[in-house]
Amino acid sequence: MAKVDVKCPFCEQTESVKKHGQGKTGHQRYRCQLRRRTFQLDYAYRACQPGMKEQIVDLAMNNAGIRDTA
């Protein structure tokens with residue numbers, strides 16, 4: 001596997017990141033050799049984006065409906 005210039009979101013290292021196949025939607029997956037975790041740069045689902053969990057919790061705490069949350 002070839003090394004790529006991608007920063008690991010867990011440890012912020014670039015030296016230990018290698019390509020690791022493709023995800024279900026066809027996006028490139030990467031693996032951090034230090035943390036032994038895999039990740040993608042592009043996710044098909046918005047729930048995987050950073051900060052989305054906080055937005056969902058805020059909407060739930062403010063009695064927003066399912067349609068508002070979606």
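The values are calculated or read from the model by the stated rules, or taken from the named source; none is laboratory data. Fair warning: this is a prediction, and the values are worked out from it, not measured in the lab. Cβ: placed from backbone, ideal geometry, glycine included. Neighbour counts: every protein chain shown.
Being modelled with pLDDT of 80 or more and of a type outside the set (A, V, I, L, M) is the filter here, so list the residues in the range 28-50 that pass it. Before you say what the answer is, go through the steps one by one.
Pass one, the range 28-50, residues modelled with pLDDT of 80 or more: 28-41.
Scanning the range 28-50 gives Q28, R29, Y30, R31, C32, Q33, R35, R36, R37, T38, F39, Q40.
Screening the range 1-11 for residues that are more than 14 Å from the chain's Cα centre (by Cα) and part of a loop (DSSP other than H, G, I, E, B) and picking the one that is modelled with the lowest pLDDT gives M1.
Just to check your reading of the model, which residue among T38, T14 is part of a loop (DSSP other than H, G, I, E, B) and either at positive phi or among the polar types (S, T, N, Q) (or both)? Please lay out each step first, then the result.
Values: T38 fails: part of a loop (DSSP other than H, G, I, E, B).
T14 is the lone residue from the list that is part of a loop (DSSP other than H, G, I, E, B) and either at positive phi or among the polar types (S, T, N, Q) (or both).
May I ask you to list the residues in the range 22-35 that are assigned to a strand (DSSP E or B) and under 15 Å from F10 (Cβ atoms)?
Those that are assigned to a strand (DSSP E or B) and under 15 Å from F10 (Cβ atoms): R29, Y30, R31, C32.
Cβ contacts < 9 Å: first residue within 17 Å of V17 (Cβ to Cβ) and without any contact (Cβ under 8 Å) to a residue 40 or more places away in the chain, restricted to the range 33-61; second residue in a helix (DSSP H, G or I) and not basic (K, R), any location; separation 6+ or different chain. Result? Within 9 Å, the pairs are Q40/C48.
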